[in-house]
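The values are calculated or read from the model by the stated rules, or taken from the named source; none is laboratory data. In this text, all values refer to a predicted model and were calculated from it rather than measured experimentally. All Cβ positions, even for glycine, are placed from backbone atoms using ideal geometry, and neighbour counts span all protein chains on display. To get the accessible areas, we keep the full protein, side chains included, count just its heavy atoms, and leave off ligands, DNA and RNA. Shrake-Rupley method; radii C 1.70, N 1.55, O 1.52, S 1.80 Å.
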Amino acid sequence: MPAERKRNITQVINDYSKRLFGFIRKRVKNEADAQDIMQDVFYQFVGNTQPIEQLSGWLFTVARNKITDSQRKHKPANFSDLYSDEEQDDIDGFSELLMDTGDDPEKEYLRTLFWQELNTALQELPEEQREIFIKHELEGVSFKELSEATGEPVNTLISRKRYAVLHLRERLKALKEELLNY
């Protein structure tokens, strides 16, 4: 790479890094993802062989596309992935209670109560949402396999599961609070 091209690339990176990072950071969950996206944008810039007329517009368009690609890749795969970080500690305790296989009769009763409530809440869902939730979350079938079996696009299946999860979270919220504060 000629020395002049290196200086130009360095100058562009120095001139646009701060603004571009701020733009990306507002649109992604964490700083590490923002840094990865910014690195991808500059990597694409360095590898570009075509003339760029509006450099700032080009950089921000590439950044927006990289953000969109990143968000598509990070669709929640599991029920627990839909919880925020502050909720995760509660969920860990909740999961521990439900998956404990000890001989404690009280915990056994609470597990039975939870599974009964979950089953009731699942029966309230439309059949498509219920089936996707059960197959993916409880039976561990991937969205790709479900898509091949049903002929439905993966995004449709993800959407159905999301609606199911939102309903179940709302429906089981009171029970979760009761069990966690037990």
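For the reader, a short list of remarks on this structure follows.
- So GLU137, is it surrounded by 13 or more Cβ atoms within 10 Å (Cβ to Cβ), closer than 26 Å to ARG72 by Cα and at pLDDT 90 or above: no
Each row is one residue, and each column tells you yes or no for (1) of a type in the set (A, V, I, L, M, F, W, C); (2) at pLDDT 80 or above.
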| site | (1), (2) |
| --- | --- |
| GLU4 | no, no |
| GLY22 | no, yes |
| ASN30 | no, yes |
| MET38 | yes, yes |
| GLN71 | no, no |
| PHE79 | yes, no |
| PHE114 | yes, no |
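- First in the range 13-29 and outside any helix (DSSP H, G or I), second anywhere and open to solvent by less than 100 Å² (accessible area, probe 1.4 Å), Cβ under 7 Å, 6 or more apart: ARG27/ILE67; VAL28/ALA34; VAL28/ILE37; VAL28/ILE67; VAL28/SER70
- Checking ARG5 against (1) part of a helix (DSSP H, G or I); (2) surrounded by 11 or more Cβ atoms within 10 Å (Cβ to Cβ); (3) not acidic (Asp, Glu), the condition it does not meet: (2)
- Yes/no for THR49 being modelled with pLDDT under 85, more than 25 Å from the chain's Cα centre (by Cα) and under 30 Å from LYS18 (Cα atoms): yes
- Residue match in the range 138-156 (condition: over 25 Å from GLN71 (Cβ atoms) and not small (Gly, Ala, Ser)): yes
- Only one entry of LEU157, LEU146, LEU125 meets the criterion of being surrounded by 16 or more Cβ atoms within 10 Å (Cβ to Cβ), modelled with pLDDT of 85 or more and not in a helix (DSSP H, G or I), and that entry is LEU125.
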